[in-house]
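**Q** Please read through the structure below; I'll follow up with questions.
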Amino acid sequence: MLIFTFRRLLISVPTLLFIALVIFLLLDLSPGDPMAQVPLTVPPEVKEKMRLALGLGEPGYIRFAKWLIQFFWIEPLNTVDHIFGTGFAEGKLRVISWQTRSPVMDIIYQRLPQTLWVVGLSYVVGVLIALPIGIYSAYRQYSVFDQAGTFVSMVGYSVPPFFSGVLLIVIFSVKLGWLPSIYDTTHVVNDWASFKVQLKQMIMPVMVLALQTTAQISRFMRASMLDNLNQDYVRTARAKGMSESVVVMVHVLRNSMIPVVTVIAMGVPGIFGGAIITEQVFKVNGIGQLLITSIQANDLPMVQTLTFIFAVLIVVFNLIADILYGVLDPRIRYD
Amino acid sequence: MTDPVTRPKTAPVIHNAVGPAQPAGLSALPRNQWLEVWDQFRRHKGAVAGLGFFMLMLLAVGVGPLLWDIDPKYIDIPARNAGPSLAHPFGTDQLGRDTLARMISGGQTSVAVGLMAMALSLFLGTLIGVLAGYFRRLDGLLMRLTDLFLALPLLPLLLVVIMLFRDTLRSAFGPETGIFILIVAVIGMTSWMQTARIVRGDVLAIKEREFVLAARSIGTPDRRMITRHILPNVMSPILVSATLGIANAIITESALSFLGLGFPSDFPTWGRLLFDSTDYLQQYPERVMWPGLAISLSVLSVNYIGDGLRDALDPRIRGR
């Protein structure tokens, strides 16, 4: 298992490097000009100097290498400095945003908590709703509850978040006026009343994202439970005279959770992608919204770093899913 | 008394343990496989409803402009922000353009993007899947490529690509065709991976069957082998991914338009109409309903069709 983990880690390094290269080349070969927003009255030689100041003078491979060093070496050093108050990264050049002229990672660290709160909470809520639904639908297959569950998850699958979110805003903000339609990031929670305000503004974005998670995971849970409910060991357990709750909740559930846990792990990067849209709907200024604004402002270092972070999330969580599968299911042997 | 050559009054019947009794005379004829699939498909109520609705949607956006001949671009400022009336059943927008006409023309673009992007992704997925499954030498390389594509963060990359290449393609092919080509291409090129994986798995299994061996032993060349023997046998997973591909393409296109990076406002799609309506959410909340419902219901119906097709094409379920 350890060897497998190590080998998978080694494979993910070239994968990540390749993805970084793809993103870099895409941005580099694009016909868009970072100087397009500069007024036409600026003379060409000044423009050339501005270009050099942005680090665009060197050939592509040097810029790519520089970005790699900045992202993988200098930025972690800065994080270490920030946490322990050391001075390892002093005087080293960081990835600088063209838009704000401040280090890209600083802005990302500012935006990350909002995204993590909304996305993370919605994922937890979605999974917590999905598991009981999946278990019960499988236990009472073809019952009214199961049929309703199938229909609701089909709807949750099909209704895109930019419609379900807008629909919720129309109902709960415009018609009923119960919940705010805009997520206020500057809101500080210090007492019960402000906590209630925070709760109110989080309900809608969290539920919109949770609906999609619920739809997917409850289906998986149901299918996985159904696979296990007809197995011989279940009949054996019943024949031994174990109570129905022990059979379903201990024997069947433990075995059915194996594929579901990996699906949950692999779904994490996808939910970050979905958060881009949800953040736009509810005006949450997280990293998804940061990506949209920096794309529109042609802020290439920011776009590259953010897109790469999304890629890292995908690779890391796929790795976690693979390892979890091996740990949870002793029948799986990778080597 | 009795005529020895009296024909029986009713045709002989074979009583099946599973399924309805069949007349014996007919069972001698080889039944078309697709008729069988259709029989099974018809039993899935959701799938039939989905198919009906999707056909209705296609008909509405296809024939709609002939019946409802208001120009979707005609600006009628005095009639702006009108509610539903006989002249404008869905009301008008902030420039007095008829919402029904805009919904129809938006639907044409949305459905066209969905179908074209699905076709492109299906072509790429089938090509790569068949090549990887059939030719052992290509397998490793193509599957690594598929894994790499699966590890790409798709939505951010789509946004980046569209932002960067929008203006170039617009100037090359005109504002409308340019963005159409770009969106179809990026959606098609980023959604073929699942199809490729499924097709490869099926091709690997089919390659080991006896009829392939028989075909090879009479000297069938590889090209003929793939088109005559392999492809018809992997049609069912391809068909299922086709339906899911349409749903995926419609949602992706709407998401891009909703983020303001898809089609322009004067060449609307359902996603763009939804995006434009959210600006008037406070005053005219009903305006977001039409495009939102259109997207959700078409995707829902396509998903149900896919569900029914999957059941109908699964030979393990078909007899039940």
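The values are calculated or read from the model by the stated rules, or taken from the named source; none is laboratory data. This is a predicted model, so every value here is computed, not measured. When we count neighbours, we look across all protein chains shown, and the Cβ atoms used for this are built from the backbone with ideal geometry, even at glycine. With ligands, DNA and RNA removed, areas are computed over all heavy atoms of the protein, side chains included. Shrake-Rupley method; radii C 1.70, N 1.55, O 1.52, S 1.80 Å.
**Q** How many Cβ atoms of partner chains, on average, are near each residue of B:157-165 if near means within 10 Å of its Cβ?
**A** 6
**Q** A follow-up question, please. Stick to Cα atoms and the Kirkwood definition of Rh, then tell me Rg/Rh for the range A:143-261. Numbers along the way, then the final one.
**A** Values: Rg = 20.3 Å, Rh = 17.5 Å.
That ratio is 1.16, to two decimals.
**Q** Give the shape of the range B:30-171 as rounded, prolate or oblate, defined through the alpha-carbon gyration tensor: a ≥ b ≥ c are the square roots of its eigenvalues, a/c under 1.5 means rounded, and otherwise the shape is prolate if a/b is larger than b/c and oblate if not.
**A** oblate
**Q** Which distance in Å, rounded to a whole number, links the C-alpha centroids of the range A:179-231 and the range B:196-271?
**A** 35 Å
**Q** Report, as an integer, the average count of C-beta atoms from other chains found within 10 Å of each Cβ along B:280-288.
**A** 3
**Q** Could I get the Rg over Rh figure for the range A:217-262? Both from C-alpha atoms, Rh via Kirkwood, rounded to two places. Each step should come with its number before you reach the end.
**A** Values: Rg = 10.6 Å, Rh = 10.6 Å.
Expressed as Rg/Rh, it is 0.99.
**Q** A further question on this structure: Where does each of B:129-138, A:299-308, B:52-61 land if you order them by average Cβ count within 10 Å, highest first?
**A** By packing density, highest mean first, the sequence is A:299-308, B:129-138, B:52-61.
**Q** Taking the alpha carbon gyration tensor of the range A:95-207, what are the square roots of 5 times its eigenvalues, largest first, to the nearest whole Å?
**A** 34, 19, 15
**Q** Please give the total accessible area that chains A and B bury against each other, computed with a 1.4 Å probe and expressed in Å² to the nearest 100.
**A** 3400 Å²
**Q** Tell me the net charge near residue A:221. Cut-off is 14 Å between Cβ atoms, residue A:221 excluded, with +1 for each Lys or Arg and -1 for each Asp or Glu.
**A** +2
**Q** Can you tell me which lysines have their Cα less than 18 Å from the Cα of residue A:283? Leave out same-chain residues fewer than eight positions away.
**A** Filter leaves A:200.
**Q** I'm a student and want to see the number: the projected area of the Cα convex hull of the protein assembly as shown, averaged over all directions, in nm².
**A** 44.9 nm²
**Q** Would you mind counting up the charge near residue A:247? Only other residues with Cβ under 10 Å from its Cβ, with Lys and Arg at +1 and Asp and Glu at -1.
**A** +2
**Q** Give the residue list of trypsin sites (Lys or Arg not before Pro) in the range B:197-234 that are DSSP loop and have at most 14 other beta-carbon atoms within 10 angstrom.
**A** Taking the range B:197-234 and a limit of 14 other Cβ atoms within 10 Å, the loop trypsin sites (Lys or Arg not before Pro) found are B:209.
**Q** Can I ask one more? Can you quote the Å³ per residue value for the convex hull of the Cα atoms in the range B:216-320, rounded to an integer?
**A** 134 Å³
**Q** Oh, and also: Which longest uninterrupted range of chain A lacks any trypsin sites (Lys or Arg not before Pro) assigned by DSSP to a loop state (not H, G, I, E or B) and surrounded by at most 15 other Cβ atoms within 10 Å? Display every interim value, and only then the final one.
**A** On the way: sites that count: A:92, A:101, A:140, A:240, A:283, A:331, A:333.
Longest gap between qualifying sites, sites excluded: A:141-239.
**Q** Can I ask one more? As a test of the formula, what do you get for chain B when each DSSP H run with n ≥ 4 contributes -39,500 (n - 2.57) and the sum is divided by the residue count, at 222 nm and rounded to the nearest 500 deg cm²/dmol?
**A** Roughly -22000 deg cm²/dmol at 222 nm, from the helical runs in chain B.
**Q** Still on this structure, I have one more. Would you please report the Å³ per residue occupied by the convex hull of the alpha carbon atoms in the range A:249-335?
**A** Spread over its residues, the Cα hull of the range A:249-335 gives 101 Å³ apiece.
**Q** Right, next: Taking every pair of alpha-carbon atoms in chain A, what share in percent sits in each 20 Å bin, from 0 to the bin with the longest distance?
**A** 24, 49, 24, 3, 0
**Q** Then there is this: Determine the shape class of the range A:159-207: with a ≥ b ≥ c the square roots of the Cα gyration tensor eigenvalues, call it rounded for a/c under 1.5, and otherwise prolate if a/b is greater than b/c, oblate otherwise.
**A** Working: a/c = 2.81, a/b = 1.92, b/c = 1.46.
Since a/c reaches 1.5 and a/b is larger than b/c, the shape of the range A:159-207 is classed as prolate.
**Q** Relative to the first principal axis of the alpha-carbon coordinates of chain A, what is the inclination of helix A:44-53, with its axis defined by its Cα atoms, in degrees from 0 to 90 and to the nearest 10?
**A** Its long axis makes an angle of about 50 degrees.
**Q** Summing -39500 (n - 2.57) over the DSSP H runs of n ≥ 4 in chain A and dividing by its residue number, what mean residue ellipticity at 222 nm do you reach, to the nearest 500 deg cm²/dmol?
**A** -23000 deg cm²/dmol
**Q** Still on this structure, I have one more. Where the eigenvalues come from the Cα gyration tensor of the range A:94-158, what are the semi-axes √(5λ) of the equivalent ellipsoid, largest first, in whole Å?
**A** 43, 12, 7
**Q** Can you pull the three principal axis extents for the Cα set of chain B, in Å, largest first?
**A** The Cα atoms of chain B stretch 89, 66, 29 Å along their principal axes.
**Q** Could I get the Rg over Rh figure for the range B:191-270? Both from C-alpha atoms, Rh via Kirkwood, rounded to two places. Please list the in-between numbers first.
**A** Working: Rg = 19.1 Å, Rh = 15.3 Å.
That ratio equals 1.25.
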